[in-house]
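Report on the structure given below.
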Amino acid sequence: MLNRFDFILVGGGAAGLTAAGCLLGGWFVAADAKERWLPLPPELAWPPQNPYLIIKPAFALILFLFGSAVISTVYVIVRPQKTGRFDAIDPSIFPIPPSEKNNIENMGQLEMNKQETVKDQAKKKANMQR
């Protein structure tokens, strides 16, 4: 379950990466005009009052997608999701260790014993009322 800090960390990181992508796109256009790292086609120089406007959102989108993947991966490694009491784990994908298998079988046996005890108590109560 996400708490407030986790939401701010993940959501703020994605928003920050998008803003950084816009700034990086502007920096790249200015630096590429001087250094000629990558020959940009003249078709991208649109609109005339702000040439290469399409590069800023493209950089923002790329950095957002890449950064979100990195943030999500790091978040899952740092704070893995805890399985709940009733979550089913597919044993063909994640084999259950023998020690836990015994615990699961014992829990099932305990649950059956509880049900039998409740039934026995109900029978005794019914016999006493006769």
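Modelled spin-label separation between Ala88 and Lys119, with each label point placed 7 Å from Cα along the Cα-to-Cβ direction: 2.4 nm. When you count the other C-beta atoms within 10 angstrom of each residue and take the mean per peptide, 38-49, 69-80 line up highest first as 69-80, 38-49.
Since every read-out is calculated from the coordinates, none of them should be taken as a lab result. As the structure is a computational prediction, the values presented were derived from the model and not from experiment. Every residue, glycine among them, receives a Cβ derived from its backbone with ideal geometry; neighbour counts consider all protein chains shown.
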